[in-house]
There are 2 protein chains.
Amino acid sequence: MQNERFLRALRREPVDCTPVWIMRQAGRYLPEYRATRARAGSFVKLCKTPELACEVTLQPIARFPLDAAILFSDILTIPDAMGLSLSVDEGVGPRLAHPLRARADIDKLGVPDAETDLRYVMDAVRLIRRELNGRVPLIGFAGSPWTLACYMIEGEGSASFARPKALAWDDPATMHRLLDVVARAVAAYLAAQAAAGAQALMIFDTWGGLLAPEMFREFSLRYLAQIAQILKSNHVARDVPLILFSKGANSHLEALADTGCAALGLDWTIALGDARTRVGDRVALQGNLDPSVLHATPDAIRGEVGKALASFGAHPGHVFNLGHGITPEVNPEHLGVLIDAVHALSTRT
Amino acid sequence: MQNERFLRALRREPVDCTPVWIMRQAGRYLPEYRATRARAGSFVKLCKTPELACEVTLQPIARFPLDAAILFSDILTIPDAMGLSLSVDEGVGPRLAHPLRARADIDKLGVPDAETDLRYVMDAVRLIRRELNGRVPLIGFAGSPWTLACYMIEGEGSASFARPKALAWDDPATMHRLLDVVARAVAAYLAAQAAAGAQALMIFDTWGGLLAPEMFREFSLRYLAQIAQILKSNHVARDVPLILFSKGANSHLEALADTGCAALGLDWTIALGDARTRVGDRVALQGNLDPSVLHATPDAIRGEVGKALASFGAHPGHVFNLGHGITPEVNPEHLGVLIDAVHALSTRT
């Protein structure tokens, strides 16, 4: 590995400067991504064709001095492999053709076999590792059980996800049956990505922050902890650092840090220094600039990077990132300014 | 006043049972609202016609044993009176025809005279007070300066409000000029509502929670405190309790409680008991069930009401509400179940 910064920071080891990668770094803000996406014909086709997924994964690595690559894929590959049939239309967002609307739909679900049912993901991981050739580490990922259950029940995005919440209130036993099978699927999927070559793993709990505290602990946190424990008992995955990102769930940082993960992703609504004080040395932290900062001037971007680095302080264990994915209308040059500022303004730890 | 529960709870005085009102209680989930809205022809016409605004304000009071009425209006009446021209189309949301796109647009803004430029609101307040005839108190409201600035710059809703944030980063002096004139407008507007008869005042800081902590303090909290201080020096408004609701800003509760307001609105991502521990006896608390609970069964609704009441405990100073507005697809009977449960399950304080 030519660039170990990211993996060293996840292990809270000293680094020469703060590593940085960006959520959705392979995405629509890049003209080269839009060209490949157009060639693929559809977003799902892009995910399911290892050569194309590899191509877009590597695009931001070629353009910017990023310290990690992340597999190009989607969190809804698991529901798709479970038979719910994923499509993603421009402007509409993800849609599952067969959402779970009856208890019987949930009872029929099984854990997909990652190497057969999700072979295209594993092939992409292997291909990307080969093409990266040790330049930077590769991150694999999955959605959290709660977040996947939200989409599986609702069938599409929603402002409130009232359907999955109503199931949790009205029939918690059925909701737990669903979350348990999804958690086992996520754990198996992440372990398979590690076996295929992913050098870090991340779980996106995108909708955990929509839950009241007690529901968060019962329906999201519990299954994140279950996955972390399963991965600890896997002979490959136990050595691969796990990053948990529960967006909007900053009141639960201590509990998230106790799951056994290596690092926590943070959104921008908490100061890095405050988060570090709360979780201490239990985990590394990843984040957390407001993605809107990329709409500001280069000078303002550098200023905000400097403030975030100062807030974390000159300690080991910081991976720089935005607090959410980069958005399509960002000027790629502004991202270059941000990445350079992280490397230039951070200090050896 | 026949029903003093709401005003007593805001003053943290003992009550016979916990008072309850619901954000957007006069709204699309009610068939009688939809009928009046159709008669008005447009949402803005409904807001601007005192007789119709009065009619829909009273509809939920006639149907449910609510403990307060809230003026039917919109937070964007102030930008509209400043010349930005509001329209609200079904399915599109609010839109300002003349958003602020240049510094000169901001320099031209002045504080509207509430009794002339926003006369329709003051007339509605007077009419509603007359028609309520002392049954329950009437709440007046406004948007927060930050939230109004978001719409005034963006011209419409947005997932990220990147434009106003970029202005705050790139040219903070201009953003502060804008927020200052809007804060003076909000304070004058709320004071005029109090003079016209509003018995409590609420500020909706709907987008404060989109700000990183330092930006929240500089661009939202500071102006909420400024308004609270202006109202304290107004000979009518100083006796009218002020409720601040910064959605998604639970990490700032202590600072919000220090602004001099009477009460804080809470979203559902914090336990009421934890919030009470943090703010102590400084303010009353209003909230905070997840609005999605109204999609659950009546038994589950009663269970969640009971848990929220238990979390707050048998102390004075709780006004029951949802943690956000009720949504259009809710069955009104489920809201009736919630309101009855609040009264039945709460205890004398």
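The figures follow:
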quantity	calculated
Cα-centred dipole magnitude for chain A, charges only on beta-carbon of K, R (+1) and D, E (-1), debye, nearest 20	420
Peptide B:206-214, shielding by other chains (average Cβ, 10 Å cutoff)	4
Rg and Dmax [Cα atoms of chain B; Å; Rg one decimal, Dmax integer]	19.0, 56
At R0 = 56 Å, FRET efficiency that the Cβ-Cβ distance of B:D107 and B:H315 yields, to 0.05	0.70
Shape category assigned to the range A:65-177 from the gyration tensor of Cα positions, a/c cut at 1.5	prolate
At least 50 Å² of accessible area lost relative to the chain alone, listed for the range B:139-186 with a 1.4 Å probe	B:W169, B:D170
Tilt relative to chain A, helix A:119-132 - C-alpha long axis, 0 to 90 degrees, to 10	10
Protection-proxy order for peptides B:166-174, A:59-67, each taking the mean of Cβ atoms within 10 Å per residue, highest first	A:59-67, B:166-174
Nearest-ten-degree value, helix B:172-196 long axis tilted from longest Cα axis of chain B	50
In chain B, lysine pairs with alpha-carbon atoms under 25 angstrom apart (chain gap of 8 or more, or interchain)	5
Label geometry 7 Å along the beta-carbon vector: B:G110 inter-copy distances in nm	7.5
C-alpha long axis of helix B:332-345 to longest principal axis of chain B, angle in °	60
Nonlocal amide H pairs with A:I70, under 5 Å, H built at 1.01 Å	A:I139
Solvent-accessible area, 1.4 Å probe, carbon plus sulfur percent, for the protein assembly as shown	50
Dipole moment magnitude, nearest 20 debye, the range B:174-235 about Cα centre, only Lys, Arg, Asp, Glu C-beta charged	140
Value of Rg/Rh across the protein assembly as shown [Cα atoms, Kirkwood radius]	0.97
Average Cα contact separation per residue, chain A, under 8 Å, 6 or more apart, as relative contact order %	23
Threshold 50 Å² - residues in the range B:284-303 whose accessible area is reduced by that much or more when the chain is no longer isolated, probe 1.4 Å	B:S292
Per-selection metrics, the range B:9-57 (Cα): Rg and Dmax in Å	14.8, 44
Cα pair distances exceeding 13 angstrom across the range A:293-348, given as percent	57
In the range B:46-152, the GluC sites (Glu not before Pro) that fall in loop regions by DSSP, at most 16 other Cβ within 10 Å	B:E90
Antiparallel %, DSSP beta bridges [both residues in the protein assembly as shown], to 5	20
Where B meets A: accessible area buried, both sides, 1.4 Å probe, Å²	2000
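The values are calculated or read from the model by the stated rules, or taken from the named source; none is laboratory data. Predicted model, so just to flag it, every value in this text is computed and none were measured. Cβ coordinates were reconstructed from backbone atoms using ideal geometry, including for glycine residues, and neighbour counts include every protein chain displayed. These accessible areas exclude ligands, DNA and RNA; they are computed on the full protein's heavy atoms, side chains included. Shrake-Rupley method; radii C 1.70, N 1.55, O 1.52, S 1.80 Å.
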